[in-house]
Amino acid sequence: MKTRSIEVIVPPPAPHYVGDGFRVHNFIPSGYHLDMHRMTPFIMMDYNSKFVFPPSAQPKGVGVHPHRGFETVTLAYKGKVAHHDSAGNSGVIGEGDVQWMTAASGILHKEYHEEAFSKTGGEFQMVQLWVNLPAKDKLSKPKYQGLTHEGIGKFELPDNAGVIEVIAGQYQEVKGVASTFSPVHLQNAKLNKGGKAAFNFPSHYNTALLVIEGSVNVNGTEAAETDHFVLFENDGEAFTIEALETSVVLVLSGEPINEPIAAQGPFVMNTRQEIVQAIDDYNQGEFGYLD
Amino acid sequence: MIEQYKKFLQEKAGLTAAEIETLTATLQSKTFHKGDFLLHAGEVCAYAFFVEKGLLRSFTIDETGKEHIIQFGPENWFVTDRSSAYFHEASDFSIEAVEETTVVLIDAAFISRASAVYPNFMRFNEKALQNHIRQLQKRINLLLSATAEKRYLDFIRLYPDLTLRVPQWMIASYLGITPESLSRVRKELAKNNFKPHS
């Protein structure tokens with residue numbers, strides 16, 4: 001088993017607002033290292049680093065918008081997000097919870113700070129990922145997986161090193177609760193100071209880390225600070241992370257979906273023609289209606 | 001950055017690559033941030049703007065402070081105030097960048113020179129003007145006589161992806177209807193066309 005080396009450690013890019021409720025650093029797709037193909041099936045990653053929102057009577061967020069052709073995965077680390085969609089679903093993503101929404105053939109939704117959280121304000125920290133769908137599944141039926149923190153499988157590391165929360169994929173014998181359309185590992189490594197965890201994914205899986213809290217040493221060679229993104233080469237299977245202080249690290253690894261990508265705004269398809277069709281279907285009301 | 005404009009001339013005006021290089025050598029482009037004004041009503045601006053990338057809107061503000069959008073200008077569109085750019089009079093309209101926008105600055109002298117040297121350009125320019133007038137006639141007719149639904153259906157045909165790029169109130173302003181009527185139209189369309197997966 002060969003060690004997977006680090007390609008680049010990316011500091012958080014300047015933040016921008018998505019709507020008025022999400023102050024995000026966009027790691028994917030951006031620049032030379034991280035276009036939609038480099039980290040496929042992870043084609044977009046917005047990271048709202050820890051930020052204190054002041055109290056607001058009117059919940060901040062993102063208004064009604066469509067998606068087609070992929071899945072949105074929202075991980076709440078601090079604060080709460082409420083969501084509604086055109087199929088009549090709604091819910092709240094609380095701290096530690098993960099919402100895995102398969103937009104697939106099309107959905108309209110909106111995401112806002114949960115009402116009580118909005119009124120008190122406070123620390124807010126979220127990750128939103130877009131996970132691409134294989135061409136054959138892009139027009140499948142939309143669905144939700146609301147994964148609560150309690151329901152997410154946990155692997156206790158030996159020697160009080162910490163815990164690995166397995167959202168998707170597998171760590172040792174613990175399997176992720178999320179069902180996915182292609183092989184995806186998504187795990188939170190919550191490590192105590194000095195705690196060490198070893199990971200092992202096929203070398204062709206695109207693999208990265210996001211340091212949510214604390215700082216870690218990767219492969220015993222390079223330190224990665226809070227809010228930094230670690231992109232691995234595809235040159236080996238194994239890597240280790242060791243917490244330099246109490247740390248939380250999001251670990252992502254997935255089998256590449258090597259298909260053409262045509263993307264515009266909230267639609268990610270395989271051809272330009274499919275994008276034109278998506279825009280037309282949206283304009284004609286085929287995604288439904290949401291106030 | 002005037003690559004898009006060169007491509008536009010090649011496809012629409014029937015000029016050769018060499019002719020386009022000569023013609024556009026002195027043209028300038030400029031990038032504006034979201035919310036920047038390219039022109040304020042009352043000012044004189046010598047330029048028409050060709051949108052390389054981004055999105056412009058031209059609009060007026062009435063006595064009650066309400067905005068009325070005259071035109072959107074996404075990629076490959078021209079936005080200009082004719083009073084200002086051609087007649088050198090104070091502009092009736094303001095022009096604002098809705099997104100970060102790069103434009104090519106085109107003045108009347110450039111059009112005259114290009115028309116004098118290249119007959120193809122002159123024919124293209126006349127056709128473009130005629131087409132612009134035709135669109136304006138259609139727009140006047142829609143504003144005077146069409147239902148909100150018809151106006152919206154025409155809008156999504158003309159500007160398919162703007163529903164994803166601008167807020168609802170801007171679309172309503174362009175269509176001369178209230179945001180509530182626009183919501184009603186979209187709701188009605190969704191009622192008839194919604195295709196939930198069975």
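May I ask which of A:Lys80/B:Lys191; A:Lys80/A:Lys119; A:Lys50/A:Lys154; A:Lys78/B:Lys34 have a Cα-Cα span longer than 20 Å here?
A:Lys80/B:Lys191; A:Lys50/A:Lys154; A:Lys78/B:Lys34
Please give the helix B:179-193 orientation as an angle from the longest Cα principal axis of chain B, in degrees from 0 to 90, rounded to the nearest 10.
The answer is roughly 80 degrees.
Can you give me the pair-distance distribution of region A:1-42, C-alpha pairs, 5 Å bins, whole percents?
Calculated P(r), rounded to whole percents: 5, 18, 20, 22, 18, 9, 4, 2, 1, 0.
Calculate the dipole size of region B:3-118 relative to its Cα centre from +1 charges on Lys and Arg beta carbons and -1 charges on Asp and Glu beta carbons; express the result in debye to the nearest 20.
The dipole magnitude comes to about 340 debye.
So what's the angle, to the nearest 10 degrees on a 0 to 90 scale, between helix A:272-283 and the longest Cα principal axis of chain A?
60 degrees
Looking only at other chains, what is the average number of their beta-carbon atoms within 10 angstrom of each beta-carbon in B:186-196?
For this peptide, the per-residue mean of nearby foreign Cβ atoms is 6.
Place +1 on the Cβ of every Lys and Arg and -1 on the Cβ of every Asp and Glu in the protein assembly as shown, take the dipole about the Cα centre, and give the residue among A:Met126, B:Tyr159, A:Ala198 whose Cα lies farthest towards its positive end.
With unit charges placed on the Cβ atoms, the residue in question is B:Tyr159.
I'd like the chymotrypsin sites (Phe, Trp or Tyr not before Pro) in region B:58-93 restricted to DSSP loop residues with at most 11 other Cβ atoms within 10 Å, sorted by number.
B:Phe87
Just grab the label-to-label distance for A:Glu222 and B:Ala25, each label 7 Å out from Cα along the Cβ direction, in nm (one decimal).
Spacing of the two 7 Å Cα→Cβ label points: 4.8 nm.
Rounded to the nearest 0.05, what FRET efficiency do B:Met1 and B:Asp154 have when you use their Cβ-Cβ distance and R0 = 30 Å?
FRET efficiency, B:Met1 to B:Asp154: 0.40.
Quick one: give the max-minus-min coordinate of the C-alpha atoms of region A:166-291 along each principal axis, largest first, in Å.
56, 35, 28
Near B:Leu142, within a Cβ-to-Cβ distance under 12 Å, what is the net charge of the other residues, with Lys and Arg +1 and Asp and Glu -1?
Local net charge: +3.
Quote the charge dipole size of the protein assembly as shown about the Cα centre in Debye, to the nearest 20; the model charges only the Cβ of Lys and Arg (+1) and of Asp and Glu (-1).
The calculated dipole for the protein assembly as shown is roughly 1300 debye.
Give me the net charge for the shell around A:Gln172: Cβ to Cβ below 13 angstrom, other residues only, Lys and Arg +1, Asp and Glu -1.
Value of the local net charge: -1.
Along the positive direction of the dipole of chain B (beta-carbon charges: Lys, Arg +1; Asp, Glu -1; about the Cα centre), which of B:Ser115, B:Ser94, B:Gln168 reaches farthest?
My answer, from the dipole projection, is B:Gln168.
Please average, across the residues of B:162-168, the number of beta carbons from any other chain that are within 10 Å of each residue's own beta carbon, and give a whole number.
3
Given +1 on the Cβ of Lys and Arg, -1 on the Cβ of Asp and Glu, and no further charges, what dipole in debye does chain A carry about its Cα centre, rounded to the nearest 20?
The dipole magnitude comes to about 160 debye.
Peptide B:152-161: average number of partner chain Cβ atoms within 10 Å per residue?
3
Could you let me know the centre-to-centre spacing of region A:232-291 and region A:48-94, using Cα atoms, in angstrom?
After rounding, the separation between the Cα centres reads 17 Å.
Which semi-axes, in whole Å and largest first, does the equivalent ellipsoid of region B:3-118 have when worked out from the alpha carbon gyration tensor as the square roots of 5 times its eigenvalues?
Working from the Cα gyration tensor, I get semi-axes of 27, 16, 11 Å.
Can you list, largest first and rounded to whole Å, the semi-axes you get for chain B by taking the square root of 5 times each eigenvalue of its Cα gyration tensor?
Rounded to whole Å, the semi-axes are 32, 20, 16.
Grab the DSSP H runs of the protein assembly as shown that are 4 residues or longer, score each as -39,500 (n - 2.57), total them, divide by all residues and round the 222 nm result to the nearest 500 deg cm²/dmol.
My calculation for the protein assembly as shown gives -7000 deg cm²/dmol from helical runs alone.
Which entries of B:Lys12/B:Lys138; B:Lys7/B:Lys127; A:Lys110/B:Lys138 have Cα-Cα distances beyond 25 Å here?
A:Lys110/B:Lys138
Rule-of-thumb check for region A:6-254: C-alpha Rg over 2.2 N^0.38 Å?
0.97
Taking +1 at the Cβ of each Lys and Arg and -1 at the Cβ of each Asp and Glu, which of B:Ser84, B:Ala25, B:Gln71 sits farthest along the dipole of region B:24-135 towards its positive end, judged by Cα position relative to the Cα centre?
Of B:Ser84, B:Ala25, B:Gln71, it is B:Ala25.
Just to confirm the filter: which trypsin sites (Lys or Arg not before Pro) across region A:1-75 are DSSP coil and have at most 15 other Cβ within 10 angstrom of their Cβ?
A:Lys2
Within a Cβ distance under 15 Å of A:Phe124, other residues only, what is the Lys/Arg minus Asp/Glu net charge?
In short, -4.
In degrees, nearest 10, range 0 to 90: what is the angle between the Cα axis of helix B:148-158 and the longest Cα principal axis of chain B?
Taking the Cα atoms of chain B, the angle to B:148-158 is about 40 degrees.
Which values of log₁₀ I(q)/I(0), to two decimal places, follow from the Debye formula for region B:100-198 at q = 0.15, 0.18 Å⁻¹ with a uniform point scatterer at every Cα?
These q points yield log10 I(q)/I(0) values of -0.80, -0.95.
Where a number appears in this text, it was derived from the coordinates with a stated rule and is not lab data. Everything quoted here is computed from the prediction, not taken from an experiment. Quick reminder, even Gly has a Cβ in these numbers, built from the backbone with ideal geometry, and neighbours come from all protein chains shown.
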